[in-house]
Structure formats: C-alpha cells, structure tokens
Amino acid sequence: MEKDLLNALPEECSTRDVAQALGLAVRSVQLMVDRGELQAWKTPGGHRRITRASVQQWLEHHQGRPASAAAAPSQPPAQPLSTASAPKPSSASEGAPPPAQRRPRVLLIEDSAHFQNLVRLLMAHNFPHVDLHVAEDGFVGLAMAGELQPDVLLVDILLPGIDGATLIARLRSHPQFQRSRLIVVTSLDEAQRGVYAFALTGLPVVHKPQMVQELPPLLKACLDSAG
C-alpha cells in the first residue's frame, strides 16, 4: 500500500476502508481483527472500527519481513548436484547409483491450524514421498511459492495478508508459476464462493468438509501431471 493511501485513511476505519486500502476482501480484514492482528472495537450498532495506527503497524511488520526469512521452508529442500563439483565418470564409479531426484513439493497456504494438521496427516498417509511446506498467510505464501517452486499449491480462499482469491489470481497470471498446479481449499459452499469466481474459474475446488474424501485423488492427479 502506498503511503498516500494510508494517510487517506481516517483515524478510525471501517473494515471496508481497510480492505480497499490493502487490496483485500472485507472478510479477510474481519478475520485479521478476530485474530488480534488489527486493533479494533465495535460501535453500539455492532460495526467494527479499526485504528489507522494498527493498520500502519501491520503493514510495517509485513513489508519489513525479509523474503528469505518469510520463505523459510518447514523442511530443507533437496540440493541439486552441482555439475562444477561433480566427479567425472571413471571405471571405479561406473557402478555408483545416479544422484537422487528432487522430491515433489506441495505448498499449503492455510491459516487454520486444524486444517494444516489434517493436510499433514493426509500427506503422511497417502504421499510419504512428497515434501509438504506450510504458510499461514498470503504474504508468506507468495514468498515461499517463489522460492520453493512447488509442484502443487493448495490455497485457501480466506486468508490474512493477501486475500486468497487475489493471491490465486496473481499466481495464475505470473509466468514463474505456470508449472505449478493449483488446488483451492475452502470452507465456503458453492453459493458463498460465487464472489470469487473471477479467480476460481477452471480450478479444482475442495470443500473442507469433504477434504478427506476429495483431496487425495485430486492431489495425486495433479502430482502425476506435474511429474
């Protein structure tokens, strides 16, 4: 967000004011308030009011985070064999096995600890050969996606930081992520996610109540096509 947009905010902002300034959905701002990321209170009429100072603090915290720190993966990625340091073939090494290939990578961008753990369990049971990395908000997820270049991205729609639908639109339009497969995971039913149709067109969507049944076969298909 540009400095002039921040200065244009009133001292006491509505969720819509903050959503427009940050480029997020109103629901995402509401979730940020519920998690204590933004200082807010409710008017007698039940409307949230957010302090401009807390928006400034939130923005400085996320913009000041180094990309390398934000993108630190939960597991170290496999290091490719450098051709400069690789030993030349010889009769003594002809029988040596070939270097191991990079393990497939899945990046989950999800702020709910419950569903993070559920995906971890599903991955451990169905895909033990795949490395799972987790980001808890859209800003960190975008940084990790750029560093990890995952084979598959699992993205929730409602996220703190960058709204999930906006994040998905950016990923789909950026050439850097063209090889990554995208799967949307959401607690919203079909009618509720209609406002996000601009980002979800043509993408597989997993409804969280059916995650155990729907995600494994869909993820397998995406991993197979990515490989």
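Here are the numbers for this structure:
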item	result
Meets criteria (among the basic types (Lys, Arg), out of contact with any Pro (no Cβ under 9 Å at 6 or more places or on another chain) and surrounded by 13 or more Cβ atoms within 10 Å (Cβ to Cβ)) for Arg120	yes
Matching strands (runs of 3 or more DSSP E) fully within segment 112-227 where at least 1 residues are over 15 Å from the mean Cα position of the chain (by Cα)	131-135, 205-207
Selected residue (criterion: modelled with the highest pLDDT) from residues of segment 39-81 that are polar (S, T, N, Q) and outside any loop (DSSP other than H, G, I, E, B)	Thr51
Options Leu200, Leu188; residue that is crowded, with 18+ Cβ neighbours inside 10 Å and within 23 Å of Ala113 (Cα to Cα)	Leu188
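So that you can scan it fast, the table gives a plain yes or no per residue for (1) modelled with pLDDT under 85; (2) more than 28 Å from Trp58 (Cα to Cα):
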| residue | (1), (2) |
| --- | --- |
| Ala124 | no, yes |
| Phe139 | yes, no |
| Ile157 | no, no |
| Ala199 | yes, no |
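The values are calculated or read from the model by the stated rules, or taken from the named source; none is laboratory data. Note that the coordinates shown come from a computational prediction; the quantities given were computed from them, not determined experimentally. Because the Cβ atoms are built from the backbone with ideal geometry, glycine has one as well, and the counts that use them run over all protein chains shown.
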